[in-house]
Protein chains: 2
Amino acid sequence: MTRTWSIGELADEFDTTLRTIRHYEELGLLAPTRNGQQRVYTERDRVRLRLILRGKRLGFTLDEVAHIINLYDDPPGESGQLEFLLGEIDRRRSDLLQRRADLDAVLDELDDLDRRCRADLAALGGRTS
Amino acid sequence: MTRTWSIGELADEFDTTLRTIRHYEELGLLAPTRNGQQRVYTERDRVRLRLILRGKRLGFTLDEVAHIINLYDDPPGESGQLEFLLGEIDRRRSDLLQRRADLDAVLDELDDLDRRCRADLAALGGRTS
DNA sequence: AGCATACCTTACGTTTACGTAAGCGTCATC
DNA sequence: GATGACGCTTACGTAAACGTAAGGTATGCT
């Protein structure tokens, strides 16, 4: 009784479009099975879609997303490959940590700005909320 | 003796291209002065460029970046405007917090993967580093 | 039977964010 | 006075990530 989903259900759930989901398939990011002509998505596809959309929200290109989710795909059995994978992981991590630094910097600046605004408002005679 | 910069110097410093910097000017994100034909950038331009590139690394479009850095521009003097600005700030902040959640999720998953790889390697008879 | 709904393919269109080429000015230097 | 180095404008090109339109299929009401 492993559940499956139609393309429309996934689009609804993740608030995206049929076209977008099909596009990810064209790029090889998803590979649903078929029931006749219709696409049938499994839990695995659903997880991948979630990862794709998350990657996009973080500003990765779909190519980069492909690399990232392929990391999850096949923990290989050979030691050279494993070491290569560890390297990849490390690069991705550095990338993400840089992004988080950027992000925190912007958040800090927004907080500053927020404080200044409230001060200005107060100076205008408003009540402090 | 307030320093100024040429377009080439900024491109070098921020590891970008002349074209990119000019492009930001076309979009109204930068507004350098001129010495004859040549663009002359002040400290303010430099700060804005840094903000632009940071926004881009976070996956914002240049339009969104424009909105964000314009928040910094003109803390307005009127209370209605100030309240509007506070609302904007809050929306941006929510957005960024969502991104940080995404980011931390990916980092966690990478850590998991990393551990599994190391375990696999160890099981292959390698020495634990 | 007629119609709606959900899905399909093919294919051209669109926006964003620059890349790249062509041709021209201006110093400095060899 | 020719040759780079650096910068300028104009303008067409391009890759990514879908949007959108056209026309067809399958299923389920009513």
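Nothing in this text is a laboratory measurement; each read-out follows from the coordinates by a stated rule. Quantities reported herein were computed from a predicted structural model and do not represent experimental measurements. Neighbour counts are summed over all protein chains in view; Cβ atoms, including those assigned to glycine, are modelled from backbone coordinates with ideal geometry.
Values for this structure:
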item: Whole-number percent relative contact order across segment B:1-99, with pairs defined as alpha carbons under 8 Å at least 6 apart; result: 20 percent
item: Scaled radius of gyration (Cα, divided by 2.2 N^0.38 Å) that segment A:15-129 gives; result: 1.62
item: Value of Rg to Rh for segment A:1-83 (Rh from inverse mean 1/r over Cα pairs, i.e. Kirkwood); result: 1.02
item: Ascending count of other beta-carbon atoms within 10 Å, so fewest first, for A:LEU49, A:LEU27, B:LEU10; result: A:LEU27, B:LEU10, A:LEU49
item: Size descriptor, Kirkwood hydrodynamic radius, that averages inverse alpha-carbon separations across the protein assembly as shown, Å; result: 21.9 Å
item: Unit charges at the beta carbon, dipole of chain A: most positive-side option, A:VAL65, A:THR42, A:SER79; result: A:THR42
item: Other protein chain Cβ atoms within 10 Å, averaged over every residue that makes up A:104-112; result: 5
item: Charged-residue dipole, Cβ positions (Lys, Arg, Asp, Glu), the protein assembly as shown about Cα centre, Debye nearest 20; result: 160 debye
item: Relative contact order (%) - criterion: Cα under 8 Å, at least six apart; region: segment B:1-58; result: 37 percent
item: Segment A:VAL40-A:ALA123, extension gain: residue separation times 0.36 nm, minus the distance between their alpha carbons; result: 23.8 nm
item: B:SER6 versus B:ASP104: modelled label distance in nm, points set 7 Å from Cα along the beta carbon direction; result: 4.7 nm
item: Given chain A, longest segment not containing exposed loop trypsin sites (Lys or Arg not before Pro) (DSSP; at most 13 other Cβ within 10 Å); result: A:4-126
item: MRE, 222 nm, helices only [DSSP H, n ≥ 4, -39500 (n - 2.57), over the protein assembly as shown, to nearest 500]; result: -23000 deg cm²/dmol
item: GNM top mover of A:ASP104, A:ASP112, A:ASP45 - chain A, alpha-carbon springs below 10 Å; result: A:ASP112
item: Residue among B:GLY36, B:GLY59, B:GLY87 with the largest mean-square fluctuation in a Gaussian network model of chain B, springs linking Cα atoms under 10 Å; result: B:GLY36
item: Nearest residue to the symmetry axis between A and B, taken on chain A by its Cβ, in whole Å; result: A:GLY59, 1
item: Cα centroid separation - segment A:1-78 against segment B:64-126, whole Å; result: 23 Å
item: Shortest-first distances to equivalent copies, position A:LEU124, nm, label 7 Å out along Cβ; result: 6.4
